[in-house]
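Inspection log for the structure reproduced underneath, given as structure tokens.
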Amino acid sequence: MALYSEKVMDHFRNPRNVGVIEDADGIGEAGNPVCGDIMKIYLKIENDIITDVKFETFGCGSAIASSSMATELIKGKPIKEAMALTNKAVTEALDGLPAHKLHCSVLAEEAIRLALRDYFDKNNIPYDPKDYPDPSCESCCHTH
Ligand code: FES
């Protein structure tokens, strides 16, 4: 069996939603201190719906495929659904990642949550951190 699924290769070769949203409503950046890869997510939000999302990923192929798939999964969705997106869901949507590459998908989950928190903070929208717990990946860090 190939190491990477066709979906991973497709999203790596033709990533969706690459770029920057200049007037983003929320921006989140997550990095992994071990490999040094960084992912940045930009969100446009209207009436609690993610109307647009873009990403910049300086990282490995799995991180690029994960960002691409994650943006597809949350585009057009309510905030609550985007906040609940897990790296497991991203990995499943990609038809799996090799075990040693699972941490790459965690960056997508983290960056999206941080972008949403940024949106909440900028708009003084209260949220209960309990409802949005940090992912518990020891190899990952928040950059803000
Ligand atoms: Fe760093 Fe994939 S090896 S995110």
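Please treat every number below as a calculation from the coordinates, not as lab data. Predicted model only: the values in this text are computed from it and were never measured. Positions of Cβ are backbone-derived with ideal geometry, glycine not excepted, and every protein chain shown enters the neighbour counts.
Ignoring lysines fewer than eight residues from K80 along the same chain, the ones with Cα atoms less than 21 angstrom from its Cα are K40, K44, K54, K88, K122, K130. Under a model in which nothing but the beta-carbon of Lys, Arg (+1) and Asp, Glu (-1) is charged, the chain shows a dipole of about 240 debye around its Cα centre.
Sorting 110-116, 14-20 by their mean Cβ neighbour count within 10 Å, with the most densely packed peptide first, gives 110-116, 14-20.
Ordering H103, V8, I27 by the projection of their Cα atoms onto the charge dipole of the chain, which places +1 on the Cβ of Lys and Arg and -1 on the Cβ of Asp and Glu, puts V8 at the extreme positive end. The Cβ shell under 15 Å around S62 holds other residues with a net charge of -3, Lys and Arg each +1, Asp and Glu each -1. Each other residue within a Cβ distance under 13 Å of E46 adds +1 if Lys or Arg and -1 if Asp or Glu, for a net charge of -1.
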